[in-house]
Each structure stands twice: as structure tokens, then as C-alpha cells.
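Since the structure comes first, as C-alpha cells, the remarks are kept for the end.
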């Protein structure tokens with residue numbers, strides 16, 4: 001788990017945090033048909049993710065969303081200006097040079113445009129600084145956004161009424177842009193997050209009791225996060241299409257639609273909220289334990305070898321059944337804490353990381369009830 005928005009470690013409140021496995025699942029769909037249980041599970045996980053956002057988002061996330069909303073409003077503001085609704089100067093374009101269209105806008109339009117750029121720069125800088133282990137993946141997502149925006153601009157340049165009566169060439173730009181986004185989001189970002197999650201669970205939540213391991217896998221589910229990526233891409237397409245479509249016709253034919261602008265602003269704000277969630281959630285889940293979120297192949301290329309820990313399972317010296325004691329390559333023996341209700345564990349003779357009680361040097365076998373020294377669970381010298 002990572003850091004909260006207020007800078008405090010999540011570990012400080014981990015006992016108060018509800019796990020996904022503890023979150024109550026509804027039965028709205030399964031009451032109609034048991035085969036629809038998967039829908040109840042989906043809505044339960046989405047509800048759990050929203051509860052985490054409500055609990056752990058703080059001032060930092062609110063400031064980023066404020067930058068986002070301000071950037072959209074300032075970037076589309078045209079009331080009392082008329083720069084956008086009039087179509088601007090058809091013969092001027094670009095942002096550099098004395099004859100650039102950007103520098104020949106009306107003064108008030110230029111001011112709100114610059115303020116909008118400042119807001120978006122503030123949003124990106126805060127996003128970059130707030131979630132360090134997701135920086136590389138955040139960059140891939142922003143690149144994908146740029147491709148989708150470029151695709152719709154090119155499509156509308158060829159056909160201002162896109163997608164009405166659009167030819168194959170116009171659709172090609174949008175399709176290729178979305179394929180690039182699909183590759184970056186699914187095969188790069190998603191793979192990196194999923195494989196880092198897998199390594200995290202295998203390393204940090206290894207336990208001889210398979211029920212606890214299964215619970216750890218459920219607690220680290222990324223299903224709702226995957227849904228957020230898919231919905232984010234849909235809203236991006238709607239937002240970029242509506243923005244390009246509203247100003248695509250030439251000034252003489254421009255029938256400016258404020259409804260399209262409102263669609264652009266609303267879907268854009270939702271898409272930005274989803275982007276913030278997509279970047280925040282892996283950082284929240286893995287931020288305190290991982291240096292970077294990468295795929296296994298990327299770790300291999302960068303020289304970060306992932307060596308699975310060799311753990312020897314203890315066996316009762318009386319009945320020869322497996323016990324909860326484990327020993328690593330260095331000879332360190334770890335057992336679960338014997339205090340009722342505590343889920344911690346530690347090496348023999350040390351203090352439990354959860355409750356602070358000392359880990360015992362003897363272990364009771366749950367199969368035969370014998371109370372034997374821990375060392376005897378890893379081979380014994382036969383008496384002659």
C-alpha cells in the first residue's frame with residue numbers, strides 16, 4: 001500500500017481500512033439469476049473503489065481536479081468574446097511567428113487561452129510529481145491521448161461533418177489513433193501494472209495458508225481499474241470528437257453549437273477524473289513497496305532480475321504434516337503470530353510487526369496437537 005494524500009503512511013490506518021474481501025457484495029442481479037453473480041461482483045468492486053477514493057483522496061487530488069475543470073472552462077469560454085463561435089481568422093494558423101493565428105486572437109480570448117494552458121500545465125506537473133512510480137505509464141497514457149486528438153483533427157480536416165458521409169481515409173486516422181491508444185493502455189500500461197501487482201502479492205503476501213493467499217489476490221483485484229481504462233478511452237473519444245466537430249466547418253459555414261461544447265466539457269472532466277483514478281490506484285496499492293511499475297520483460301531488460309524466493313515448508317516432527325512454519329534460504333524461520341485475531345508474522349524470537357508481541361520459539365501442530373520447538377520442523381537428528 002502507498003501514501004495517503006495528506007502525506008501520512010497508509011499503514012497508520014491499515015486497521016481501519018476495509019479490504020475488498022470484507023466489502024459487502026449486493027445480490028441485485030443474482031436474485032434474478034445466479035449466473036448474474038458476476039455483475040454483483042463487478043458493481044461491488046466499483047463501489048469499493050469509489051469508497052477508497054472518497055476516503056483517501058485529499059486536497060492534492062481536489063486541486064488537480066480544480067485545475068482540470070478550470071482548464072476546460074477557460075479553454076472553451078466564448079461568451080462575450082465570439083472568437084470561437086465566429087470561426088476566427090480563416091487565413092491565419094499556428095502558434096509561432098508574427099502571422100500566427102494564436103497571436104492574432106482577440107485580447108480576451110488570448111488571455112483565457114493562456115490561463116487554460118497554465119491550468120493544464122499545473123495539472124500535468126502535479127500528476128507527475130504526486131505519483132512517481134506511475135510516471136512512465138502516465139506518459140504513455142498522455143501520448144495515447146495526443147494520438148486520439150490528432151486523429152479526430154485530421155478526420156475533420158478531410159470531412160468537417162465527420163462521421164457523416166466520412167470516407168475510409170477519414171476513418172483511418174481515428175481507427176489508427178485508437179489502436180495506438182489500445183496498445184499503449186492495454187499492452188504496455190495494464191501489463192506493467194498487473195505484473196507488478198502479481199510480484200507484490202507473491203512477495204509480500206506469501207503464506208502457508210492458501211486461504212489467506214486467495215484473500216490477498218482478491219484484495220488486490222484490478223478488475224474495476226481495467227473497466228476504468230475502457231470507459232476512459234470511450235469518454236476521450238466523445239470529448240475530442242465533440243470539440244473538433246464544433247469548430248470544423250469553415251467560418252462562412254460554421255453553425256456553432258454550444259451543446260457540442262457542453263458535451264466536450266462534461267465528457268472531458270469525466271475522462272480526466274478517470275485518468276487521475278487510473279494513475280492513482282496502482283500507486284495507492286503498490287506505492288510503498290515498489291520502486292517502479294514495470295512489466296516482467298522491462299524488468300529483465302533493465303537488469304532487475306526477479307528471483308522467486310525458495311521457501312522450505314516446515315513439517316511436524318511427530319505426525320509429519322505440514323505446519324505454518326517456513327524457512328528461507330538464509331535459514332530464517334517465520335511463523336504466524338499466535339495472538340488471536342492478529343494476522344501478522346515474524347521470525348522466531350522477534351516481535352510481530354502487527355501487534356508487537358514476541359514470536360514464540362515453539363509451535364503447536366494443528367493436526368496432532370503436539371507442542372514442539374520450531375527447529376524440529378525442519379529436519380531432525382535421529383537418535384541412535
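The table that follows gives values for the structure above.
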item: Criterion: under 29 Å from residue 265 (Cα atoms), modelled with pLDDT of 85 or more and surrounded by 17 or more Cβ atoms within 10 Å (Cβ to Cβ) - qualifying residue of 50, 62, 74; result: 74
item: Residues (under 22 Å from residue 70 (Cβ atoms) and in contact (Cβ under 8 Å) with a residue 12 or more places away in the chain) located in segment 122-157; result: 122, 123, 124, 126, 127, 130, 131, 138, 141, 142, 145, 149
item: Sole exception among (1) in contact with a helix residue (DSSP H, G or I) (Cβ under 9 Å, 6 or more places away or on another chain); (2) modelled with pLDDT of 75 or more; (3) surrounded by 16 or more Cβ atoms within 10 Å (Cβ to Cβ) for residue 40, by number; result: (1)
item: Filter pass, residue 191 being in a helix (DSSP H, G or I), surrounded by fewer than 18 Cβ atoms within 10 Å (Cβ to Cβ) and touching a residue at least 12 places away in the same chain (Cβ under 8 Å); result: yes
item: Residue list for segment 116-158, filter: surrounded by fewer than 17 Cβ atoms within 10 Å (Cβ to Cβ) and over 29 Å from the mean Cα position of the chain (by Cα); result: 157, 158
item: Set 327, 285: member being under 30 Å from residue 125 (Cβ atoms) and at pLDDT 75 or above; result: 285
item: Filtered residues of segment 340-354 (kept if loosely packed, with under 14 Cβ neighbours inside 10 Å and modelled with pLDDT of 80 or more); result: 350
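For every residue, the table says whether it meets (1) under 21 Å from residue 213 (Cα atoms); (2) touching a strand residue (DSSP E or B) at 6+ places or on another chain (Cβ under 8 Å); (3) in the same structural domain as residue 207 (by TED's automatic domain parsing); (4) in a loop (DSSP other than H, G, I, E, B).
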{"residue": "319", "(1), (2), (3), (4)": "no, no, no, yes"}
{"residue": "325", "(1), (2), (3), (4)": "yes, yes, no, no"}
{"residue": "335", "(1), (2), (3), (4)": "yes, yes, no, no"}
{"residue": "339", "(1), (2), (3), (4)": "yes, no, no, yes"}
{"residue": "343", "(1), (2), (3), (4)": "yes, yes, no, yes"}
{"residue": "349", "(1), (2), (3), (4)": "no, yes, no, yes"}
{"residue": "355", "(1), (2), (3), (4)": "yes, no, no, yes"}
{"residue": "360", "(1), (2), (3), (4)": "no, yes, no, yes"}
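The values are calculated or read from the model by the stated rules, or taken from the named source; none is laboratory data. Owing to the predicted nature of the structure, the values given are computational and were not obtained by experimental measurement. Don't worry about glycine lacking a Cβ; one is built from the backbone with ideal geometry, like all the others, and counts go over all protein chains shown.
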